[in-house]
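The values are calculated or read from the model by the stated rules, or taken from the named source; none is laboratory data. This one's a predicted model, so the numbers in the text were calculated from it and none came from an experiment. Cβ: placed from backbone, ideal geometry, glycine included. Neighbour counts: every protein chain shown. For the accessible areas, the whole protein counts, side chains as well, though only heavy atoms, and no ligand, DNA or RNA atoms are used. Shrake-Rupley method; radii C 1.70, N 1.55, O 1.52, S 1.80 Å.
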Amino acid sequence: PSEWTAAQWDTLNAQIDAMKPAGSTNQAIGLEHGWQTLTPGSPYSTPPVPANTTRYIILLTDGLNTQDRWYGNGRTEKNSADDAIDARMKSACDAAKNDGVVIYTLFVDINGADGNSDPLQKCASDPTKYYDLTSSSQIAVAFNAIAQQITNLRVSK
């Protein structure tokens, strides 16, 4: 917030800088919560959106899809649990897209060590809405490109 003091911002920045990656990534749960926040009614008490309103999800992850509620432990790539985890992700993505949500996916794969994310490529509404980012500096560029695409929509009566 703009009313924060410089010391509060410094504290927040120090806490962010101290964060270290660990654990597993459940991409489907993030997507599902995002979709529910755009869907009228429970569980988030979202009000109805006006007619002809496009709903968007921008799913950003820095990890491979390695866990869901039933499978995975953070190290499931290329083993038997991987197919089940990715199938749940595909199901969630397909359901959101079938509900009219436009999905952008961004995979932050610093230095390109993990390669492209097949589940995120399939989740994006079309190939132009998937971003494989190999440096942190590309994140802002990708978000600017997405914002440009979204705001290029023309509003008319």
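Can you go through Asp86, Asp10, Asp82 and tell me which one is within 20 Å of Tyr131 (Cβ to Cβ), free of Cβ contacts under 8 Å to residues at least 60 places away in the same chain, out of contact with any strand residue (DSSP E or B) (no Cβ under 7 Å at 6 or more places or on another chain) and in a helix (DSSP H, G or I)?
Asp86
For Asn65, are the conditions met, namely being under 17 Å from the mean Cα position of the chain (by Cα), open to solvent by less than 60 Å² (accessible area, probe 1.4 Å) and polar (S, T, N, Q)?
yes
Can you name the condition, by its number, that Leu59 falls short on among (1) open to solvent by less than 90 Å² (accessible area, probe 1.4 Å); (2) modelled with pLDDT of 90 or more; (3) assigned to a helix (DSSP H, G or I)?
(3)
Exactly one condition in (1) touching a residue at least 24 places away in the same chain (Cβ under 8 Å); (2) of a type outside the set (A, V, I, L, M); (3) open to solvent by 80 Å² or more (accessible area, probe 1.4 Å); (4) closer than 22 Å to Ala145 by Cβ is not met by Asn116; state its number.
Status for Asn116: all satisfied but (1).
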